[in-house]
Amino acid sequence: MEGGFAPFSFRTKSGKLSGFEVALEKDVAKQLKLKPVFVQTKFDSLISGLDTKKYDVVYNDMSITPERQKAYTFGREYLFTKSVLITKKGSDIKTYADLKGKRAAETTSSNFSQAAKKAGAQIVAAPGFAEQLELVANGKADVVLNSQDSWTAYKKVHPETNLQATVTNALGQTTAAPMLNKHNKQLAKKISQAQRKLEKDGTMKQLSEKYFGADLTKK
């Protein structure tokens, strides 16, 4: 995980690793009678870490895409949300089609970056969500295409922001799931079983409401 992607994973003022996915991983590990070891990694290196077996699983709001499914294994989905176009207030970017010719601040290897590029946007590379929003706020980029849950969490902490978000169906309903090396199917199965138990006992819902302010764990 990134460890700097609130509210999914982040460091508190005391330096403690916290967030929705941190709490979820701890509960999954408890179900499996394992002790989790968190490895903070920049987004662009997260997937390659699975290839080199630096870690066993990635929890980092990872969307399931056809390209990723060809090379990796996914566990059970745990978040369901929409995509948003984040711009300065008053921007003329209202729809996915409006991205053509605009500067989109994105993490280059993300599915959002690929979608923005497909729409004709010029990608301005940024390592994380906070950095992407900063580029738009400072006029160095025009828009960020990202998940609604990320924006909701940001807006909750920064109600005074001069940025706004418009829901887009560019990616349909986006989902997040644990991502693993393609040879680790057995662990993926065990993780999925653990998540099902956490869904049934209400733990997943409680965590989502705590960190996002709403239950985003159901389609």
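Only the coordinates and a few stated rules stand behind these numbers; no lab work does. Here the structure is a predicted model, which means the values were calculated and not measured. Note that each Cβ is placed from the backbone with ideal geometry, even for glycine, and that neighbours are counted across all protein chains shown.
Here are the numbers:
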| quantity | calculated |
| --- | --- |
| Residue satisfying condition, being touching an Asp or Glu at 6+ places or on another chain (Cβ under 6 Å) and either without any contact (Cβ under 8 Å) to a residue 60 or more places away in the chain or not aliphatic (A, V, I, L, M) (or both), within set PHE129, PHE74, PHE112, PHE80 | PHE112 |
| Residue check for GLU2: part of a loop (DSSP other than H, G, I, E, B) and in contact with a Phe, Trp or Tyr (Cβ under 9 Å, 6 or more places away or on another chain) | yes |
| Of residues in segment 23-43 being of a type in the set (S, T, N, Q) and surrounded by 15 or more Cβ atoms within 10 Å (Cβ to Cβ), the one nearest to SER192 (Cα to Cα) | GLN31 |
| Close pairs from segment 201-219: first without any contact (Cβ under 8 Å) to a residue 60 or more places away in the chain, partner buried (at least 18 other Cβ atoms within 10 Å of the Cβ) and in a helix (DSSP H, G or I), Cβ under 9 Å, at least 6 apart | ASP215/MET204; ASP215/SER208 |
| Pairs where the first residue, in segment 36-61, is closer than 12 Å to GLU21 by Cβ and the second is surrounded by fewer than 18 Cβ atoms within 10 Å (Cβ to Cβ) and basic (Lys, Arg), C-beta under 8 Å, 6+ apart | PRO36/LYS26 |
| Matching residues, segment 92-103, being assigned to a loop (DSSP other than H, G, I, E, B), in contact with a strand residue (DSSP E or B) (Cβ under 7 Å, 6 or more places away or on another chain) and free of Cβ contacts under 8 Å to residues at least 60 places away in the same chain | LYS102 |
